[in-house]
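Each remark here refers to the structure printed beneath this line.
The values are calculated or read from the model by the stated rules, or taken from the named source; none is laboratory data. Note that the coordinates shown come from a computational prediction; the quantities given were computed from them, not determined experimentally. Using ideal geometry, Cβ is built from the backbone for each residue, glycine included, and neighbour counts are taken over all protein chains shown. For the accessible areas, the whole protein counts, side chains as well, though only heavy atoms, and no ligand, DNA or RNA atoms are used. Shrake-Rupley method; radii C 1.70, N 1.55, O 1.52, S 1.80 Å.
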Amino acid sequence: MTTKHTSGGGRNLILCVEDERDLREDIIEELRSSGHDAIGAGTGREALDALEAVRPDLILCDISMPEMNGYDLLRTMRKERTDLGDVPFVFLTALDERDEVISGKRAGVDDYLVKPIDFDLMLASIEARLAQTRRVRTLHRQDADAVQEAFRHLVDQERVTEGTTDVLNILGFGVVLTDAHGDVVFANAFARTLSAETEAFSLHSRLRAATPELSRELRTHVAEVADAASRGEDIMRGLALPRPDDGEELILVICALPGGRKDDAPSSLAAILISDSKRRSAPPEHMLVSLFGLTPTEAQIAHGLVSGQRSADIARRLKISQTTVAFHLRNLFEKTGTRRQVDLVALILSTPVAVR
């Protein structure tokens, strides 16, 4: 499903879910007079219908409503609308009791406002929640921009500067650059740590996996993407390497990284991005939706790429055509400001939980 903001000019959109019509209208009027856009819903069902069409910046919701109460609406959203997981959810309640607050916190509510509503407190609480969300998104975007800039420098081997190395060494995923033969050109700190701790792969001059079979498969993928890079093509391959100690997997995403010219011939590299299933996973889809303005389908495709899936695999999983996947991939590049799959995957892996 695709939702959109209806507010404009930088105004925040607030959804007020309240079955008491007069109170709902009063809240909406206060919000609008304070510079927000606001819409109302009289029931939880109406709220879910509204969320099919719009993506609010914050939700105010009464707890005691017929048919679907506030807890039911919150649980439904957290389960079925993960793309809205970063939208602050604030309960309106006539109950100011400890058990009620604990129940709401466990359900995932962000804040409480007690009836009768103090409108000054309501506006201050809303602004505080919105400001917190903006700060988190800004920090995530800054981290992501730094990673993108580092990868831009890596396109040319001669531009692997100290500053670029510093950025790549704070990442919580491995970055390894090899030539077409698998000879290691660069490995960041996390890749070296994973190699030493898991023994799932080796970085001694040439990239090798723990078994001859996996090493051959890895070298085949590296040669394939490096050859594609020399022709200016952008392809990606995935490989799972089991950790010998416990069988958990390291996920390798092998991407083409076109370079400049070396000795008057095109140069190319393979970039291997390595994530550890025991330590972290890709950021939740709802976070990608919020941070980059993706549709849920685009977020699912982005997750597939991070898992090393090919376009054909993603198309089968989502039951769409490869042409549709390619269309969404172009949108992903545009929305994230990336140009190649390696940049896109690195950006996703670094957002927001991969920076240590």
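Can residue 333 be described as in contact with a Lys or Arg (Cβ under 9 Å, 6 or more places away or on another chain), farther than 17 Å from residue 237 by Cβ, outside any loop (DSSP other than H, G, I, E, B) and not hydroxyl-bearing (Ser, Thr, Tyr)? Yes; evaluated as a whole, the condition is true for this residue.
The selection criterion, being hydrophobic (A, V, I, L, M, F, W, C), over 9 Å from the mean Cα position of the chain (by Cα) and under 18 Å from residue 346 (Cα atoms), holds for residue 333. Within the range 329-339, being of a type outside the set (Gly, Ala, Ser) and open to solvent by 30 Å² or more (accessible area, probe 1.4 Å) holds for 330, 331, 333, 334, 335, 339. If you go through the range 23-44 and keep only what is in a helix (DSSP H, G or I) and either in contact with a His (Cβ under 9 Å, 6 or more places away or on another chain) or surrounded by 15 or more Cβ atoms within 10 Å (Cβ to Cβ) (or both), you end up with 23, 24, 26, 27, 28, 30, 31, 44. Here is a check on your reading of the model: is residue 303 part of a helix (DSSP H, G or I) and modelled with pLDDT under 85? It is false that residue 303 is part of a helix (DSSP H, G or I) and modelled with pLDDT under 85.
Table: residues versus (1) touching an Asp or Glu at 6+ places or on another chain (Cβ under 7 Å); (2) at positive phi; (3) surrounded by 17 or more Cβ atoms within 10 Å (Cβ to Cβ); (4) of a type in the set (A, V, I, L, M, F, W, C).
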site: 284; (1), (2), (3), (4): no, no, yes, no
site: 295; (1), (2), (3), (4): no, no, yes, no
site: 300; (1), (2), (3), (4): yes, no, yes, no
site: 310; (1), (2), (3), (4): no, no, no, no
site: 316; (1), (2), (3), (4): no, no, no, no
site: 323; (1), (2), (3), (4): no, no, no, no
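Looking only at the range 172-198, residues that are open to solvent by 10 Å² or more (accessible area, probe 1.4 Å) and of a type in the set (A, V, I, L, M) come to 6 in all. Applying the criterion of being among the polar types (S, T, N, Q) and open to solvent by 40 Å² or more (accessible area, probe 1.4 Å) to the residues of the range 147-168, the residue that is modelled with the highest pLDDT is 161.
Of all residues in the range 199-230, those that are free of Cβ contacts under 8 Å to residues at least 24 places away in the same chain and either over 24 Å from residue 246 (Cβ atoms) or open to solvent by 40 Å² or more (accessible area, probe 1.4 Å) (or both) total 9.
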